[in-house]
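Colleague: Take a look at the following structure, please.
The values are calculated or read from the model by the stated rules, or taken from the named source; none is laboratory data. Computed from a predicted structure; not experimentally measured. When we count neighbours, we look across all protein chains shown, and the Cβ atoms used for this are built from the backbone with ideal geometry, even at glycine. Ligands, DNA and RNA are stripped out before the accessible areas are found, and what is left, the full protein with its side chains, is counted by its heavy atoms. Shrake-Rupley method; radii C 1.70, N 1.55, O 1.52, S 1.80 Å.
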Amino acid sequence: MISANNVTLRVGKKALFEDVNIKFTEGNCYGLIGANGAGKSTFLKILSGQLEPTKGDVSITPGERLSFLQQDHFKYDEYPVLDTVIMGNARLYEIMKEKEVIYAKEDFTDEDGIKASELEAEFATMNGWEAESDAASLLNGLGIDTELHYKYMKDLTGPEKVKVLLAQALFGNPDILLLDEPTNHLDLDAIAWLEEFLINFDNTVIVVSHDRYFLNKVCTQIADIDYGKIQLYAGNYDFWYESSQLLIRQMKEANKKKEEKIKELQEFISRFSANASKSKQATSRKRALEKIQLDEIKPSSRKYPYIDFRPNREIGNEVLTVEGLSKTIDGEKILDNISFTLGHDDKVAFVGSNELAKTVLFKILIGEMEPDEGTYKWGVTTSQAYFPKDFGGEFDKDYTITEWLTQYSENKDVTYVRGFLGRMLFSGEDGVKRLTVLSGGEKVRCLLSKMMISGANVLLLDEPTNHLDMEAITALNTGLIKFKGVLLFTSRDHQIVQTTANRIMEIVPGGHLIDKITTYDEYLESDEMARKRQTYSVQTEDED
């Protein structure tokens with residue numbers, strides 16, 4: 001068990017947390033939620049001991065081991081991948097290194113023998129002989145191929161490093177597991193594996209995530225941070241939302257009844273306070289009136305943007321025809337003879353672990369990259385808006401956000417343009433913010449404003465939920481469901497894919513395409529999909 005006792009954290013004059021008392025018990029997975037800036041990551045740092053609170057303390061049941069997901073992706077660059085995972089259990093790794101030093105001695109003494117024997121006993125107690133196989137199992141589950149296990153961390157890509165650090169946090173069955181955004185940079189297959197791991201994990205888990213589907217799958221309780229307090233709710237994310245909304249409604253209804261009672265008492269007092277025969281009753285009602293206290297209902301600190309993509313033109317029957325597209329990058333076949341046709345009702349989710357292939361396809365379709373072979377043709381009634389995964393170049397000009405968005409709008413009226421920014425929570429002075437000072441989340445909201453103002457009837461979105469908070473993701477999900485045009489998108493958010501897409505495409509290893517008209521959940525359950533994946537995998541190995 002881990003608990004926070006009267007924890008307060010002040011940053012300058014502002015109290016981020018105020019007298020927080022909460023216990024996290026064994027066998028539960030807690031989803032720590034709250035608006036951006038509420039202090040979710042900060043609270044995890046306090047629990048893990050990385051940050052000292054201004055007041056109060058954190059206590060852990062004696063003898064229990066705490067593990068947390070490292071955020072520094074370069075910290076272990078000089079270590080092999082397997083060693084990095086095993087470091088998740090610091091004492092076990094320390095024993096392994098001590099043993100190596102002792103056994104490497106040329107003048108092995110009796111004292112060394114005694115020490116080695118003690119270390120071996122402790123090593124066996126900690127299941128040390130299974131350490132490498134356990135670490136390898138975690139890595140394989142997350143999609144890190146065996147051939148990478150003995151490479152150095154510096155030789156891995158960014159997403160691969162993220163998976164290794166996650167395996168490190170999970171390694172050795174920690175008693176308390178703290179995970180800050182563990183699904184970031186994971187493909188949907190790795191997320192599904194992590195979900196199953198946490199569902200079967202028997203100890204205490206506290207996780208911060210913007211992935212609603214993930215929280216619904218793994219959480220048994222929700223810890224909601226709002227206005228410096230943390231409120232526990234039993235159940236998953238959806239249950240929290242329903243419960244919190246119900247609580248607010250009940251408080252409002254209770255206040256309404258109290259207000260009606262107050263009005264009734266005030267009218268009686270006003271009418272009969274000067275009447276001698278009624279004076280006792282009036283006095284009694286005054287006392288009753290003084291006892292009535294309205295419940296304080298604070299508005300939530302959460303803010304939801306309004307995302308509404310409205311096409312300027314209805315789309316025709318001919319949308320997009322792709323024939324024989326192929327692309328090789330750095331000697332690797334990314335796309336191999338891909339062909340498909342889109343209809344005017346298609347909402348296509350591109351899924352699978354090959355992120356580069358999806359991004360390359362989108363760049364070809366939007367005209368930013370040329371294919372090696374093949375053609376594509378957009379219908380004459382179509383207009384496209386594109387959300388790139390890497391959008392750094394969009395914001396390297398010295399503009400205000402209003403100036404930046406105006407250049408993409410046919411209507412140059414400042415009030416009109418600011419209306420679209422206002423929907424994305426840029427109000428008042430925010431309109432004169434410079435592009436150079438925007439956060440990742442603010443840049444994404446600007447790009448979504450650009451897509452809304454375009455009036456396009458075909459949207460291509462490559463991982464649009466990166467950097468967004470839960471509220472913005474929910475608003476985006478609603479906007480995509482309501483959109484009356486054609487969608488091509490990638491997303492690690494299972495709920496967005498499941499609720500939005502009516503057609504699933506996966507570019508599998510070797511650059512081949514699986515194309516099915518189905519929901520995402522049905523696609524995952526498809527035996528045919530599994531067989532095709534295996535077939536393509538074998539074909540690729542044969543070609544190699």
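Colleague: Please work out the C-alpha center-to-center distance from region 212-270 to region 353-419 and express it in whole Å.
Modeller: Cα centroid of region 212-270 versus Cα centroid of region 353-419: 42 Å apart.
Colleague: Step through the residues of region 379-395 one at a time and calculate ³J(HN,Hα) from phi using the Karplus curve (6.51 cos²θ - 1.76 cosθ + 1.60, θ = phi - 60°), rounding each to whole Hz and writing x for Gly and Pro.
Modeller: x, 5, 8, 8, 9, 10, 10, 10, 10, x, 5, 9, 10, x, x, 5, 10
Colleague: Ignoring ligands, DNA and RNA, what percent of the 1.4 Å accessible area of the chain is carbon and sulfur? The partial results should precede the final answer.
Modeller: Values: 12940 of 27050 Å².
On the chain, the fraction of accessible area on carbon and sulfur atoms equals 48 percent.
Colleague: Using the structure shown, select from Lys263/Lys286; Lys75/Lys97; Lys327/Lys363; Lys40/Lys433; Lys327/Lys389; Lys358/Lys482 the pairs with a Cα to Cα distance greater than 22 angstrom. Numbers along the way, then the final one.
Modeller: Numbers: Lys263/Lys286 12 Å; Lys75/Lys97 19 Å; Lys327/Lys363 11 Å; Lys40/Lys433 26 Å; Lys327/Lys389 19 Å; Lys358/Lys482 24 Å.
The pairs that break the limit, which is 22 Å between Cα atoms, are Lys40/Lys433; Lys358/Lys482.
Colleague: Only helical DSSP H runs with n ≥ 4 go in: add -39500 (n - 2.57) per run for the chain, normalise by residue count and round the 222 nm mean residue ellipticity to 500 deg cm²/dmol.
Modeller: Working: 18 runs with 222 residues, N = 544.
Result for the chain, helices only: -13000 deg cm²/dmol.
Colleague: Suppose every K and R has +1 on its Cβ and every D and E has -1 on its Cβ; what is the size of the dipole of the chain about the Cα centre, in Debye to the nearest 20? Mind dumping the intermediate values first?
Modeller: Values: 64 positive and 89 negative charges, 1009 e Å.
Charge dipole of the chain: 4840 debye, to the nearest 20.
Colleague: Under 5 Å between amide H atoms, partner at least 5 residues away or on a different chain: which partners does Thr8 have, H built in plane at 1.01 Å?
Modeller: Here Asp19, Val20, Thr54, Lys55, Gly56 satisfy the definition.
Colleague: May I ask you to rank Tyr150, Tyr520 by accessible area, largest first, using a 1.4 Å probe over the protein chains only?
Modeller: Correct descending sequence by accessible area is Tyr150, Tyr520.
Colleague: Continuing with the same structure: Per-residue accessible area for Glu132 at 1.4 Å probe radius, Å² rounded to 10?
Modeller: Glu132 exposes around 90 Å² with every protein chain in place.
Colleague: Sticking with this one: Restricting to Cα pairs below 8 Å that are 6+ residues apart, what does the relative contact order work out to for region 303-386? Please round to a whole percent. Please report the intermediate quantities before stating the final value.
Modeller: On the way: 109 pairs, mean separation 33.3, N = 84.
Worked out over region 303-386, it gives 40 percent.
Colleague: Moving on. Counting only residues 5 or more places away or on other chains, whose amide H sits under 5 Å from the amide H of Thr518 once H atoms are built in the peptide plane?
Modeller: It is Arg503, Ile504, by chain and number.
Colleague: Here's something else I'd like to know. Give the accessible area for Arg310 in Å² (nearest 10); use a 1.4 Å probe, count only protein heavy atoms, and leave out ligands, DNA and RNA.
Modeller: We get 150 Å² for Arg310.
Colleague: Quick one: which residues, 5 or more positions from Gly34 or on another chain, have an amide H under 5 Å from its amide H? H modelled 1.01 Å from N in the peptide plane, none for Pro or chain starts.
Modeller: Ile225
Colleague: Can you work out the Karplus-derived ³J(HN,Hα) for every residue in region 145-159? Use 6.51 cos²θ - 1.76 cosθ + 1.60 with θ = phi - 60°, whole Hz, and x for glycine or proline.
Modeller: Residue by residue, region 145-159 yields 4, 4, 5, 8, 4, 9, 7, 7, 4, 5, 8, 8, 6, x, x Hz.
Colleague: May I pose another question? Once the dipole of region 93-236 is set up with Lys and Arg at +1 and Asp and Glu at -1 on Cβ about the Cα centre, which of Ala192, Ala223, Pro182 lies farthest towards its positive end?
Modeller: The residue sitting farthest along the positive end of the dipole is Ala223.
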